[in-house]
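Step one of this worksheet: look at the structure below.
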Amino acid sequence: MTDVSINHFTFHYPESDVKVLNDINITFKDHHFSLLSGPSGSGKSTLLYFIAGLYPHFSGIDAVGDIKFGDTNIKDIPKEKVSQSVAMMFQNPNQQFAMDTVIHEMTFVLENLRIVPDKMDDIITHALEFCGIKQLRSRVINTLSGGEKQRVALACIVAMDPQVIVLDEPFASIDPGSRLDLINKLKLLQEKHGKTIILADHDLTSYRDLVDEFYYLDPDTHQISLLDDEQAEHFFKNFESTQTINKKVEIPTGDDHSIIQLSDFKLDPHDSLLLKLGHFDFYKQKTTLITGANGIGKSTMFNALTKLLPYEGTIVFDGKDIKKIRPLPYAKNVTLLFQDAENQFLNITVKEELDLSLANRTNKAYTQTDVDDMLAQLDMAGRDERIVYSLSEGQKKKLQIIEMLIMNPPVLLMDEPFKGLDYHSLEVVVGFLNRAKKDFHQTQIIISHQLSGLDTLIDYHAAFENQNLTYQEVIK
Amino acid sequence: MNPGMKLLLVMLIALEISFTQSLTVNVILIVVSFAYILTQHVSMKALFGIIFWPLFPAVGLFVSQWLYGSAGIHFAWILFTRIYAYVFLGATFTLTSSITDLSLTLEQDFHLPSKFAYGVLAAFNLMPKIVEEIQIIKTSALMRGEALHFWSPKLYFKSILSSIQWSQNLAEAMTSHGFVEDYERTHYKVIRITALDWTLFIVLFAIVQVLLFFIRY
């Protein structure tokens, strides 16, 4: 029996009074599939990193309490034996491989485990077959899609054959096909191979009839509780409701002014076709919501619109081919609110960040009072001297939104702008965005999975599916 | 030839020609290296690159020595050919050896800590991501109204920040993939330094010594 038991486990950062994990007492049962949910940034990863034996080594900060595999404290397992007990799959598909090709990475894994070289080929073949990726064996990892990379990551784990598999939001950036396939593979590993699966995810899609236990990390008490069926059902229902919006939007009639036009547009990085459009218009002073599954190319399209990625065909902004507009003026006209807030920051402190936007903004639409007011409404006032990288994920997102609103570009592209925001903040931000559109004539294009609360903002809805983008009335 | 031995040989010869002044030997090294590269099915683009790009520093050195130096045109030619000798010698290694094999031999035969060998390899494999990241940093700065150039401290600050984050993630991933520092590992591909490697190394090195000794012009 190797239950994973967490006993009186408390973790907090030395500079903060808030406990990230507050006296956790739970047991992830042997041979079970446990789901750990809770809002982004609530501390799920921290717990998983401790279970996987990566913390405290990589955090440098230890926790109080202990984690046991069966009767053995994880700290008593010799370093070189840890990977027989537990392996981890990470959120970012791009940063979990040390080697260049799939076969080299898998060999590296087996060498680390001191497997006899004669046995390696069989183990690798079996693991790749199990994950359905035999054809990727000799591929260079950098050229794989996110979904393929996560399959390779799973194949590595299958080859390692640990008792416990820990996964930290492993599907955050991969397409729905890969997601479903990987979840089924995990279920198979649990049922047929007796593995213990502990998976953290805030997106609850397709887990309902699959998981044995549903744990919830409460962001207020910082405690984890095991939910009964009724409570779990409540969370699944609640999650589904954030994925819908009760509004039928109009299809553009052609009376609006188009501001960005794509023609004969084709996007195929690494030779896999993501998007092909004969002609598509985005409209001036409208908020267009783009929906579609993870990993199918929505963010990649934004990268093409901001000239970060090459594309085929033409993009016209305000009557001019964007290839003929100089980089600085174009970037100040068509601006991207990055999904990762840190990408937007250039300075160290909150005040420096705000001052930079105030100094370089396109126009003086927002007064100092407006800015102070926005900061206050989002509970960001009085944090002038804070280092931006030390803010919580939610605070980073709020600061990022405010500083990009101050820049007040004519077109603002937003990639998952509500991620990590609580519902009240979301409503406040929607208010800001409506003001920018009505008073300052801003055009907004938003990629978002969070739909509830956006009713008053959305004018048009474009669905991204089957390598195509089409305006649709119903948002789902 | 074993990539580690090859690298060592190339570096030794390059070091030697930095302190000797033989135009003929430089030319011989260039010709031999180029012939070797041609037998290794290298792309036209790479060939063009190693011929074209060194032209700028080589011509620069040549002209400044010829016009303003005190040692005359012969020395100017030595400097000119030296640049090409460096580049072509280097290319016999970089264009024909795999970085993976190099780190394998560094770990197995030269007994470098495996942490170092695989760290270098992992960093090398991150190169395309780094190029992408710099592009993102520059574009993001433009959106905040700032043009960052290659001398802008902010560009370095941001790239270093990303690198620290990546190296941390990578170290975690390697640990999670069972890698333990300074602990014994098995090797699927065993790279040995063979008798042939040693013979080639010694013979080639000796030939260069003989040439440098007898050909002083």
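Any read-out appearing in this document is the output of simple, stated calculations on the displayed coordinates, not a laboratory observation. If you're wondering where the values come from, they're calculated on a predicted model, not measured in any experiment. Note that we place each Cβ from the backbone using ideal geometry, even for glycine, and neighbour counts take in every protein chain shown.
Using 0.36 nm per residue and subtracting the Cα-Cα separation, the extra length available between residue B:19 and residue B:40 on full extension is 4.6 nm. Full extension of the segment from residue B:205 to residue B:167, taken as 0.36 nm per residue of separation minus the current Cα-Cα distance, would add 9.8 nm. Summed over qualifying helices (DSSP H, 4 residues or more, each -39500 (n - 2.57)) and divided by its residue number, chain A shows a 222 nm mean residue ellipticity of -10000 deg cm²/dmol. Do you know the relative contact order of the stretch A:99-257, to the nearest whole percent, from alpha carbon pairs under 8 angstrom that are 6+ apart? With pairs under 8 Å counted, the relative contact order is 17 percent.
With the simple model of a label 7 Å out from the Cα in the direction of the Cβ, residue A:121 to residue A:474 spans 5.4 nm.
Computed over neighbours whose Cβ is under 12 Å from that of residue A:76, the net charge equals +2, Lys and Arg +1, Asp and Glu -1. For the stretch A:336-351, the Karplus equation 6.51 cos²θ - 1.76 cosθ + 1.60, evaluated at θ = phi - 60°, returns couplings of 10, 8, 5, 5, 8, 4, 4, 4, 8, 7, 10, 10, 9, 9, 4, 5 Hz by residue, with Gly and Pro reported as x. Applied to the stretch A:353-370, the Karplus parametrisation 6.51 cos²θ - 1.76 cosθ + 1.60 on θ = phi - 60° returns per-residue 3J(HN,Hα) values of 4, 5, 5, 4, 5, 5, 6, 9, 5, 5, 8, 9, 4, 8, 7, 4, 4, 4 Hz, with x for Gly and Pro. Counted by Cβ distance under 13 Å from residue B:5, the other residues give a net charge of -1, where Lys and Arg count +1 and Asp and Glu count -1. Sparse packing (at most 15 other Cβ atoms within 10 Å of the Cβ) combined with a DSSP loop state is found for the following GluC sites (Glu not before Pro) in the stretch B:134-217: B:181, B:184. Rounded to the nearest 20 debye, the dipole magnitude of the protein assembly as shown is 2680 debye, with +1 charges on Lys and Arg beta carbons, -1 on Asp and Glu beta carbons, and the Cα centre as origin. Placing a label point 7 Å from the Cα of residue A:321 along the Cα-to-Cβ line, the residues of the stretch A:247-271 whose backbone N sits under 15 Å from it are A:261-266. Peptide B:122-129 is shielded by partner chain Cβ atoms: per residue, an average of 4 of them sit within 10 Å of its Cβ. If only the Cβ of Lys and Arg carry +1 and only the Cβ of Asp and Glu carry -1, the dipole of the stretch A:257-313 around its Cα centre is close to 260 debye. Listed by chain and number, the lysines whose C-alpha is less than 16 Å from the C-alpha of residue A:134, apart from same-chain residues fewer than 8 away, are A:149, A:185. Once the chain from residue A:255 to residue A:284 is taken as fully extended at 0.36 nm per residue, the excess over their C-alpha distance is 9.4 nm. Ordering A:88, A:159, A:446 by the projection of their Cα atoms onto the charge dipole of chain A, which places +1 on the Cβ of Lys and Arg and -1 on the Cβ of Asp and Glu, puts A:446 at the extreme positive end. 3J(HN,Hα) along the stretch A:138-151, derived from phi through the Karplus expression 6.51 cos²θ - 1.76 cosθ + 1.60 where θ = phi - 60°, amounts to 9, 6, 7, 4, 4, 9, 8, 6, x, x, 5, 4, 5, 5 Hz, with x in place of Gly and Pro. Only one residue of B:180, B:10, B:84 has its Cα farthest out toward the positive end of the dipole of chain B, where Lys and Arg carry +1 and Asp and Glu -1 on Cβ, and that residue is B:84. The residue list A:112, A:25, A:189 was ranked by how far each Cα lies along the charge dipole of chain A toward its positive end, using unit charges on Cβ atoms, and A:112 comes out on top. If you average the C-alpha positions of the stretch B:163-217 and of the stretch A:161-222 separately, how far apart do those two centres end up, in angstrom? When both Cα centres are located, 41 Å separates them.
Among the helices of chain B, those built from whole DSSP H runs whose Cα atoms reach 24 Å or more along their own axis and whose mean Kyte-Doolittle hydropathy is at least -1.0 are B:3-19, B:72-94, B:127-143, B:153-176, B:195-214. Taking 31 Å as the limit for the C-alpha separation, the pairs A:44/A:276; A:266/A:437; A:247/A:323; A:323/A:364 exceed it in the case of A:44/A:276; A:247/A:323. Here the relative contact order of the stretch A:258-471, from alpha carbon pairs under 8 Å that lie six or more residues apart, stands at 30 percent. As a proxy for reagent exposure, ranking B:27, A:64 by other Cβ atoms within 10 Å from fewest up yields A:64, B:27. Dipole magnitude for the stretch A:4-242: computed about the Cα centre from +1 point charges on Lys and Arg Cβ and -1 point charges on Asp and Glu Cβ, it is near 720 debye. For residue A:349, the amide hydrogen comes within under 5 Å of the amide hydrogens of A:388, counting only partners 5 or more places away or on other chains and with H modelled in the peptide plane. Helix A:229-242 versus the longest principal axis of chain A: what angle, 0 to 90°, nearest 10, using Cα atoms? It works out to around 30 degrees. Taking label points 7 Å from Cα along the Cα-to-Cβ direction, residue B:151 and residue A:84 give a separation of 5.9 nm. Loop-resident chymotrypsin sites (Phe, Trp or Tyr not before Pro) (DSSP state other than H, G, I, E or B) in the stretch B:44-89 with no more than 14 further Cβ atoms inside 10 Å of their Cβ are absent. For residue A:75 and residue A:138, the FRET efficiency from 1/(1 + (r/R0)^6), where r spans their Cβ atoms and R0 equals 51 Å, is about 0.80. Count Lys and Arg as plus one, Asp and Glu as minus one, and take only other residues whose Cβ is under 15 Å from that of residue A:427; the net charge is then 0. The number of Lys pairs in the stretch B:59-217 with C-alpha atoms less than 21 Å apart, excluding pairs fewer than 8 positions apart on the same chain, is 6.
In a DSSP loop and with at most 11 other Cβ atoms within 10 Å, the GluC sites (Glu not before Pro) in the stretch A:387-476 are A:473.
Amide hydrogen proximity for residue A:290: with H placed 1.01 Å from N in the peptide plane, the residues at 5 or more positions away or on another chain lying under 5 Å are A:446, A:447, A:448, A:462.
Principal-axis analysis of the Cα atoms of chain A puts helix A:117-130 at an angle of about 50° to the longest axis. Relative contact order for chain A: 17 percent, from Cα pairs under 8 Å spaced at least 6 residues apart, divided by residue count. Given R0 = 51 Å, the distance between the Cβ atoms of residue B:11 and residue A:241 translates into a calculated FRET efficiency of 0.20.
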